[in-house]
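Working notes for the structure below.
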Amino acid sequence: MPHFDMQSIEPQAQAPGITIRTAWGERIMLSFLEFERVGATVPLHRHDHEQMGMGLEGEFELVIGGEARLIRPGDVYLIPSGVEHSATAVGDPARALDIFSPPREEYKRG
């Protein structure tokens, strides 16, 4: 299907206080991430997927390979395959768009 109504997609809990809504094709996936409260954290993890993202709203601290940066709306980041990373909301609730290649099978629903 070439069109997605993201508001009609049921959010998935990713971590306490964090949800995602995903859309995907054969080789790419979009994941809209919502930090529902200050301090909500995506714990340190790694995966084989290449990940690129952009801050959409609010602020969060993103740690990639031990390097921490504050991500604000419009900031873009790249997380290479296999590199440890984590994210924590530091201000008001925050939103980000993450792009994965290839799509993450565990995030597919429906």
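Residues in the range 1-46 that are basic (Lys, Arg) and open to solvent by less than 90 Å² (accessible area, probe 1.4 Å): Arg21 alone. Criterion applied to Tyr107, Tyr77 was being out of contact with any Cys (no Cβ under 8 Å at 6 or more places or on another chain), modelled with pLDDT under 95 and hydroxyl-bearing (Ser, Thr, Tyr), and the one residue passing it is Tyr107. Of all residues in the range 27-49, those being at pLDDT below 95 and among the hydrophobic types (A, V, I, L, M, F, W, C) number 1. In this structure, does Leu70 turn out to be part of a strand (DSSP E or B), in contact with a His (Cβ under 8 Å, 6 or more places away or on another chain) and of a type outside the set (Lys, Arg)? Against the criterion (part of a strand (DSSP E or B), in contact with a His (Cβ under 8 Å, 6 or more places away or on another chain) and of a type outside the set (Lys, Arg)), Leu70 does not qualify. For beta carbons closer than 6 Å, sequence separation of 6+ or different chains, a first residue in the range 9-29 that is in contact (Cβ under 8 Å) with a residue 60 or more places away in the chain and on the phi > 0 side of the Ramachandran plot and a second that is assigned to a loop (DSSP other than H, G, I, E, B) and surrounded by 17 or more Cβ atoms within 10 Å (Cβ to Cβ), the qualifying pairs are Gly17/Ala40.
Among the residues of the range 51-61, not a single one is at pLDDT below 95 and within 22 Å of Ser8 (Cα to Cα).
Hey, any hits in the range 65-81 for a residue that's touching a Lys or Arg at 6+ places or on another chain (Cβ under 7 Å) and open to solvent by less than 80 Å² (accessible area, probe 1.4 Å)? No. Considering (1) modelled with pLDDT under 95; (2) within 16 Å of Arg104 (Cα to Cα), the lone condition that Phe4 does not fulfil carries the number (2). The set of residues from the range 84-93 being small (Gly, Ala, Ser) and over 11 Å from the mean Cα position of the chain (by Cα) comprises Ala89, Gly91.
Scanning the range 83-110 for residues that are assigned to a loop (DSSP other than H, G, I, E, B) and open to solvent by less than 30 Å² (accessible area, probe 1.4 Å) returns Gly91, Pro103, Arg104.
The values are calculated or read from the model by the stated rules, or taken from the named source; none is laboratory data. Just so you know, these numbers come straight off a predicted model, no measurement behind them. Backbone-built Cβ (ideal geometry, glycine too); neighbour counts: all protein chains shown. These area figures cover heavy atoms from the full protein model, side chains too; ligands, DNA and RNA do not enter into them. Shrake-Rupley method; radii C 1.70, N 1.55, O 1.52, S 1.80 Å.
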